[in-house]
Structures are given as C-alpha cells and as structure tokens.
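The next block holds one structure in the form of structure tokens; read it before the comments.
The values are calculated or read from the model by the stated rules, or taken from the named source; none is laboratory data. Computed from a predicted model, the values in this text were never measured in an experiment. Don't worry about glycine lacking a Cβ; one is built from the backbone with ideal geometry, like all the others, and counts go over all protein chains shown. Accessible surface is based on the protein model in full, side chains and every heavy atom, while ligands, DNA and RNA are left aside. Shrake-Rupley method; radii C 1.70, N 1.55, O 1.52, S 1.80 Å.
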Amino acid sequence: MRIATYNVNGIKARLPRLIEWLEETQPDVVCLQELKSSDETLPIAEIEAAGYKGVWHGQKAFNGVAILARGHAPVEVQKGLDGEPEDEHSRYIEADIMGLRVASIYLPNGNPQPGPKFDFKLRWFERLTRRAKDLMALEIPVVLAGDYNVIPTDADIANPRSMMDDALMQPESRAAFRRLSMLGLTDALRACHPTGPLWTYWDYQAGAWQRDAGFRIDHLMLSPEAADRLVNAGVDKDHRGREKASDHAAAWIELD
C-alpha cells in the first residue's frame with residue numbers, strides 16, 4: 001500500500017500535474033494540502049474520473065486539505081482540531097481507509113515571527129499533538145501526513161543559514177515537532193533514509209530548483225502499528241521540475 005502526501009499549491013491551477021502524477025504513480029491513499037478552493041468549486045469530478053474518491057475540507061483562496069483513495073471511499077472521522085473554536089482555517093481532515101486512520105495536515109506557516117501568526121502556529125501544533133495523543137491511545141495504524149511547515153533539523157535543508165530567521169526553523173517550531181515525535185511516532189522518510197538530502201520543497205525564487213536548494217517540510221508520521229509495516233519511503237522529486245508544477249514534491253511511504 002502506497003500512501004502519499006502532496007501540497008499541490010492550488011488544486012485547480014495544478015490539476016493537470018496532479019492527474020498526471022496520480023496516473024503515473026498510482027498511490028493507494030493521497031493526502032492533499034493547500035487546495036485553495038472552496039468545497040463548491042473543487043474539481044471532484046476530474047479526481048473521480050482518475051479513479052479516486054475523497055473527503056474534502058476546502059476553503060476559498062487559502063488552505064484546504066483532502067484525503068483521496070484509489071478504488072475506495074474514505075470514511076470521514078473529523079474535520080478541524082478541537083481547542084480553538086474561532087479557528088476557521090481548513091487545515092486538518094481525518095478518515096478511515098482500508099484499515100488505517102489517516103490525517104491530512106497543513107500546519108500554519110507562522111511567518112513573520114515573532115508575532116501573532118507564529119503564536120498561532122505553536123498553538124495549532126499543541127492542538128495537533130493533543131489529537132495525536134488520543135489517536136495513539138487507540139493502538140491502531142495511524143498515518144499523520146502533510147505539510148508541517150517545520151524543517152526538523154539542519155540536515156533537512158540545503159542551506160541552514162538562509163532560513164535562520166524563518167518560522168520553519170525556529171527552536172520553538174522544532175521543539176513542537178520533537179514533542180509530537182516523542183508520543184512514539186516515527187518520521188517515516190528519515191526512518192528509511194537516515195542521512196543525505198531529502199527535500200520536498202523548492203522555492204520558485206532565486207533558482208532554488210535549479211540549484212537543488214530545497215528543504216524537507218512534508219512529513220509522514222507513523223504510529224507504532226503503522227511503523228511496523230513500513231517497507232519503503234521516498235519523494236517524487238522529478239515531478240517538481242515539470243511545467244507549472246507545485247513548489248512541493250509528493251512524499252510517500254509503502255506499507256505491507
């Protein structure tokens with residue numbers, strides 16, 4: 001079973017690339033982020049024509065997450081995270097699929113920092129960690145996949161000095177990611193590739209793609225029951241270099 005996470009950076013603008021990627025790689029489960037589309041304008045018919053059914057949590061022009069499954073219909077469990085009723089951002093959706101509990105996550109960017117956006121990022125991370133703790137207590141296979149907007153270590157970026165002041169690399173952001181991991185979750189990409197470049201994002205500016213000046217912010221975190229089934233993981237890097245591609249590449253895992 002292949003499970004992927006993909007920040008598409010606008011599902012309508014990237015639809016040809018998304019359909020192309022689905023057809024070429026045929027993942028069984030897909031977590032999408034940054035749809036930038038309301039529920040009413042999502043290209044659901046085109047996705048279903050490609051063989052996928054989904055659960056969606058859209059938002060006009062911003063955010064938006066979804067979970068797709070090939071040949072199966074995901075069963076929605078939850079939209080959004082508890083703990084901040086005034087939060088109307090579409091950043092979290094959770095579903096049951098083929099014996100797995102899967103969440104698609106689009107964590108706040110947090111820039112500029114310090115400031116209210118960074119404070120919101122940290123609060124959102126705390127809410128995610130509380131939800132993850134509840135899921136871990138179920139002792140079932142859980143995959144928390146998405147764009148976490150955190151570069152966990154200096155080994156996860158080509159040029160650490162270039163992002164020293166960015167919210168993605170602040171000590172507080174990294175500490176929040178570690179607290180999530182310490183619940184017993186496995187960082188699947190690093191479990192399979194402990195060292196070396198493993199980028200999932202390349203900025204459109206300053207020739208970042210051409211220089212391979214990327215970093216890793218898209219993560220698949222696994223409960224012990226899912227991690228026991230992990231056999232492979234990787235990044236579909238070549239799709240980032242295609243015409244009108246997202247600035248992210250899809251990251252994926254394979255489970256027995």
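Computed over the range 126-201, the range of Cα coordinates on each principal axis works out to 40, 26, 18 Å, biggest value leading.
Would you work out what percent of the accessible area of the chain, with all protein chains in place, is carbon or sulfur (probe 1.4 Å)? For the chain, the apolar C and S fraction of the accessible surface comes to 50 percent. By definition, a body whose alpha carbon gyration tensor gives a ≥ b ≥ c is rounded when a/c is under 1.5, and the chain falls into this rounded group. Rolling a 1.4 angstrom probe over the protein heavy atoms with all chains in place gives the chain an accessible area of 43 Å² per residue. Short-range pairs are left out: with C-alpha atoms under 8 Å and at least six residues apart, the relative contact order of the range 5-141 is 18 percent.
Considering the range 179-256 at the alpha-carbon level, its Rg and Dmax are found to be 13.9, 42 Å.
Computed from the alpha carbon positions, the gyration tensor of the range 78-182 leads to an equivalent ellipsoid with semi-axes of 25, 17, 11 Å, biggest first. In whole Å, how far is the Cα centre of the range 38-72 from that of the range 211-256? Cα centroid of the range 38-72 versus Cα centroid of the range 211-256: 20 Å apart. What does the C-alpha gyration tensor say about the overall shape of the range 1-104? Classify as rounded when a/c is under 1.5, otherwise prolate if a/b is larger than b/c, or oblate. Oblate is the answer for the range 1-104, as a/c is 1.5 or above yet b/c matches or exceeds a/b. Springs between Cα atoms under 10 Å define the GNM used for the chain, and in it the highest mean-square fluctuation of Gly51, Gly196, Gly80 occurs at Gly196.
For Lys12, the lysines whose Cα comes closer than 23 Å to its Cα, not counting residues fewer than 8 places off in the same chain, are Lys36, Lys53, Lys60, Lys79, Lys237, Lys244.
Full extension of the segment from Thr153 to Leu15, taken as 0.36 nm per residue of separation minus the current Cα-Cα distance, would add 46.5 nm. Given an 8 Å cut-off on Cα distances and at least 6 residues of separation, report the relative contact order of the chain as a percent. Result for the chain is 19 percent.
Per-residue ellipticity at 222 nm computed for the chain from its helices equals -7000 deg cm²/dmol, with DSSP H segments shorter than 4 residues left out and the rest contributing -39,500 (n - 2.57). For a quick check of your reading of the filter: which GluC sites (Glu not before Pro) in the range 200-256 sit in a DSSP loop and have no more than 10 other Cβ atoms within 10 Å? Filter output for the range 200-256: Glu243.
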